[in-house]
Amino acid sequence: MTLPEPITYTRWTSPLGPMRLAASPQGLLGAWFDGDRHGPATWLTAHWQYEEGHPLLDEAAVQLQAYFDQSLRTFDLPLDLRLGTGFQQRAWQALLDIGYGATITYGILAARLDNPAAARAAGAAIGRNPLSIIVPCHRVLGANGALTGYAGGLERKIALLRLEGALI
């Protein structure tokens, strides 16, 4: 997949490790931890432009830091979800409805997507979420509350859930 407009990115170091933040003219396109299992492919990023001081990317970093400082619970950023298929975009939109400190299962998310039998497909879509933390895929658990998968690493998922008080 290629996007027709220029993509700008920057680097930001979170309390859980370095991240790459990317934006298109439509909004925030990505927030990936270094080593993210489904981070942007080299062929996709080859023509992205690095920029410090980009207003949207700076605001994303400010809001992410406020989240980690526990002074922000809901992000207020324009998002560009076009890195996903139609189904993935619907799944990512549904993730935005999971409140801070709350969790749901993959099965519940599939039901919210009007396809209760699609828990695995929902899980696959969640795994490809390009906006870690901001689109809160870490709030989705396996059946019976099992801690399963996170493209940025299970230890980060646990840390995020603890930060939000979802895990004691």
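The values are calculated or read from the model by the stated rules, or taken from the named source; none is laboratory data. Just so you know, these numbers come straight off a predicted model, no measurement behind them. With ideal geometry, Cβ positions are generated from the backbone for all residues, glycine too; neighbour counts draw on all protein chains shown. For accessibility, only protein heavy atoms count, side chains too; no ligands or nucleic acids. Shrake-Rupley method; radii C 1.70, N 1.55, O 1.52, S 1.80 Å.
Overview of values
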item: Some residue of the stretch 159-166 being at pLDDT below 90, over 25 Å from residue 26 (Cβ atoms) and either of a type outside the set (S, T, N, Q) or loosely packed, with under 15 Cβ neighbours inside 10 Å (or both); result: no
item: Some residue of the stretch 141-157 being polar (S, T, N, Q), surrounded by fewer than 20 Cβ atoms within 10 Å (Cβ to Cβ) and part of a helix (DSSP H, G or I); result: yes
item: Test for residue 125: is it part of a helix (DSSP H, G or I), aliphatic (A, V, I, L, M), open to solvent by less than 40 Å² (accessible area, probe 1.4 Å) and touching a residue at least 60 places away in the same chain (Cβ under 8 Å); result: no
